[in-house]
Amino acid sequence: MNFDPGEDQALLKTAVERFVADTYGAAPVETRRMAQAGAAGFGAAHWARLAETGLLGLAVSASGGGLGGGRVEVAVTMEAIGHGLVAEPLLEAAIIPGMLLDAASHAAQQSTVLEGLVAGASIVVLAHAERAARFDLDHVDGAAEASGTDVAIHAGKTAVLVGGGADWLIVSARDASGVTGFWLVPAAAPGVDRRPYRLADGSLAAEVTLRGVVVPAGNRLAVDTAHFTAVIAMARLAACAEMLGLMTRLFETTLDYVKTRRQFGQPLGSFQVIQHRMTDAYVLIEQARSHLLRAALAPDARFARAAAGAKAFIADAAITVAHTAVQMHGGMGITDELLVGHALKRIRVLALVFGDAGSALDDYARAA
Amino acid sequence: MDMDFSAADIAFQAEVRAFLAAELPQRLRDGMNGTPSVFVEPDIGLEWQRILHAKGWLAYHWPVAAGGTGWTPVQRYIFEKECALADAPSLSVLGLRLVGPVIAHYGTPDQKARFLSRILTGEDLWCQGYSEPGSGSDLASLKTRAVRDGDRYIVNGSKIWTTHAHYADWMFCLARTDPDVKPQAGISFLLINMRQPGVTIRPIIGMAGDHEVNQVFLDDVEALVENRIGEEGQGWTIAKFLLENERGGSCAAPRLLADLDRLAGLAAVQPDGAGVLADDRDFSRRLARLRLEAEALETTELRILAELAQGRAPGPQTSLTKLVASSLRQHIDELTVECFGLDGLQLVTERPLYGNESPEPIGCKPAQLAMPTYLNSRAWTIFGGSNEVQKNIIAKTVLGL
């Protein structure tokens, strides 16, 4: 038994931390603000640099042109991304679409799109959530009707993460037999009505309506329910790792603040009530890390359940730690000037996507 | 023992309802409901203030001699509850609830004549100069210095978390007039004209993008001695009088209960698979638990009112109600975000979110308001004395620890 990163994992961690230090290190809040002001809602130059380091292909197999990273590599990377308050959507626009396309990259077009993704040339995102589904990931009302060698897709998708600046959408819909499938759709295709909007974390999502959008039948990805479940489990793991990085950053910042901020002639941290709240946060973070490790190291057959459990636990823990960080910072905590508020807002988004704590807990309980 | 209103109270309630139905414009209701920040903007608040002033109901927290209504504590409660149910805009606390009663209580006849009616008419807007960058919870350590120079003081220092300083004509300010005595004894309560050289306002933008608070720099700013309230060195006593008004004196439960009703209504139409969210057992239990807490708070507040109505001093429950109300406020606003599923994640930073120019929501309008309201609501357990400070007060003064 050994919870230390292996040699390659340590190298990966160093590479991600170097990216973070070079980009977000000096002024995380200002860098985040400037990056998000970009057309796609994140920094184009940062994205290009992530492509150069190969990180956009993190979860893509070597045969698909990626790094072939597994769960531990994803966890190590995303924790560092969270800790750095990085605005670039490695989870939404690299890990998830990379895994979906990789499964299916036999068709020439899909493999070209995957190459573009890994190279940082194309932004590809999953358009899956629907309003009526709430947090139920199996609920899809979108429909794909066969029409000769094409299909016509009708669907209303909401909260398409990073959808505001995407070039390609991977749209879920039910086929003629009622089976959920995934189709690669150019975001600029006729019949795609896209309304970009900002989420709490400053990212540019979109509401997307597809009214009979015609794509070749061959644009269907070879992604079945089991494969999709595995991708969602990895998305949950990545979200958990990013939340753990954010929690850790919040904790470090807050610990530093209560040691230096003085009221009533002494540091805030000398008051027992502050000490206990910081201790509670510390315990939550250690417990969260244990859940992340359980999910990252679980046998394949138990991974989905462990990832669901980790998501349920860490989503709640991260919000609690973020609320503590805001409260301990007093008035400064509620401003847009400190990283505290930005971390809280990113945690809010990560806590709800790919199943909120409640629905992830249901998945965990059902799989027992 | 009973919890019923008297016949006279019920008649008063009917009068308030009739007034609100006739006189509260829909535009102001929309403005209140479309405001995600803690305070409404003057375009909404002042119009409502004028309507109430015309009716003679504006200064209901003030002594009759200063223009108050002479309402009993129960009548005040009924009025606030009906206003909450009718979505009436919240009134600016700074002039009406904070400095107004201070001037009415401690001011000279001349000060009362000069300031009180202009608060009621809305001609003067006020801001509060209490907290400083180095003095938050530990207010008595404040460093803003006022040095006497003939018939005026020269004031230097910086105030922070100054709500609506960017609209204010006047600031009521705590400043140190004597640095050589113990901290509380060297503070005076000064009224400072904001429209003068040396007053610099730096906006502080909140997590949701709202501009409510500021940092105010005072560089060789003038405060006339005739605009000092009370004696030199009496500032701390007056500050505590004012803080008690800020922390208590008004009932929070009616608005919290009204918001819980609204949330229940929203959950009843929020899609959840084939059904609606209101049928979700987990959600309905969480909502019910918050309602239980709010109902207990309502009765605790009524117990305080009953003490006041009998001419007895209210107990230390005023500290308790701030504690309960602020965390309840946060839990309601958090559950409201979750009510809207993924739509609850949208965050627009354009303002205002009411009126014809307001941005289109994703989903419904309440979904658009949920996230900024929740983010701003994190301030409730911080301002007016953080929850940690409130608990210390209860432990010390109530429990004798």
Between the Cα axis of helix B:317-339 and the main Cα principal axis of chain B, the angle (0 to 90°, nearest 10) is 40
At B:Asp178 and A:Asp300, where each label point lies 7 Å from the Cα along Cα→Cβ, what is the point-to-point distance in nanometres? 8.2
How high is the FRET efficiency between B:Ala14 and A:Leu255 when r is their beta carbon distance and R₀ equals 60 Å, given to the nearest 0.05? 0.60
Net charge near B:Gln13 (other residues with Cβ under 13 Å of its Cβ; Lys, Arg +1; Asp, Glu -1) is -2
For peptide B:387-393, how many partner chain Cβ atoms fall within 10 Å of a residue's Cβ, on average? 2
Partner chain coverage, peptide A:127-139 - average Cβ within 10 angstrom: 4
Enter the angle in degrees (range 0 to 90, nearest 10) between the Cα long axis of helix A:108-119 and the first principal axis of the Cα atoms of chain A, meaning the one along which they spread out most. 20
Computed over segment B:248-398: relative contact order in percent, which uses C-alpha pairs under 8 Å that are six or more apart: 24
Using mean Cβ contacts within 10 Å as the protection proxy, how do A:31-42, B:71-82 order, highest first? B:71-82, A:31-42
Taking the Cα centre of each part, how many Å lie between segment B:125-165 and segment A:57-129? 54
For the ranges A:80-91, A:169-180, what's the packing order if you count other beta-carbon atoms within 10 Å of each residue, average per peptide, and put the highest first? A:80-91, A:169-180
For peptide B:378-384, compute the average count of partner chain beta-carbon atoms within 10 Å of each residue's beta-carbon. 4
Which whole-angstrom value gives the distance between the alpha carbon centres of segment B:297-346 and segment A:181-231? 44
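Each reported figure results from applying straightforward, stated rules to the coordinates on display, with no laboratory input. Computed from a predicted structure; not experimentally measured. Positions of Cβ are generated from backbone atoms using ideal geometry, with glycine treated the same way; all protein chains shown enter the neighbour counts.
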